[in-house]
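> Right, I'll just put the structure down here and ask away after.
Every number here is computed from the coordinates shown, using simple stated rules; none is lab data. Since we're looking at a predicted model, the values are computed, not measured. Note that we place each Cβ from the backbone using ideal geometry, even for glycine, and neighbour counts take in every protein chain shown.
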Amino acid sequence: MVTFAVGQRHTGGDHAETSSCRRVRQDDGRFLGVQGVQSQADDPDADLVAAIARGERAAMATLMNRHLGRLHGLCQRLLGTGAEADDAVQETFLQAWRRAHRWRPGEARFATWLHTVAINRCRDRLRRRTREDIRDDIEPDEVAGDPAIGPEASLAREQSQRQVRAALAELPERQREALILCLHQGMAQSEAAAVLGISEHALESLLARARRHLRRRLLDEPHPEMQP
């Protein structure tokens, strides 16, 4: 469960920030303007962010309720189940509380910024793991014990999902992120490119390479239902 304790925002000098916070701010600067919006009215979060910048906790609670599900889904797919996904989301919202006064309306949607921060928090954790850890932590769909399918079909489905998890774990970081943003999060390519701080052409290249790898990897291994 994600909890959030509102503390004081950093409104003073940057010397009190950790290196992690500095990386986030650099990433903010990288993607701001990649996907511009015409005015503050075009961003549904603009009024909330302005209220958060004034220290209004009710606005922060509303923002969390609006984005919690999607951000947690993103972190869970990148990190797996357990406390790490919750922690990454909590750190993302804490960053939003502390940095709302730095956001500049009209340069990027606030939701794009939130997704960028969440991905950065996940990257920090993934880089401390091995590839085996990533493969084991990517959660499969819940099919075991489904009364609608028999035990043999359930086992075959579980084996198939294990193959998919292994193939996803083998993808380079950027390819895996691009695939999750577009396929699982349902983002348009323009929005996913803005989150990752790259051009749409670069995103298309990442997606194409990721799909080629998955096709090659999954077709090379016989499907469980096809094995003798």
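> Got a sec? How would E177, E56 order by Cβ neighbour count within 10 Å, fewest to most?
Working: E177 25, E56 14.
Taking fewest neighbouring Cβ atoms as first place, the list is E56, E177.
> A follow-up question, please. Between N65 and A50, what length comes free when the chain is fully extended (0.36 nm per residue of separation minus the Cα-Cα distance, one decimal in nm)?
Working: separation 15, 0.36 × 15 = 5.40 nm, distance 1.68 nm.
Here the answer is 3.7 nm.
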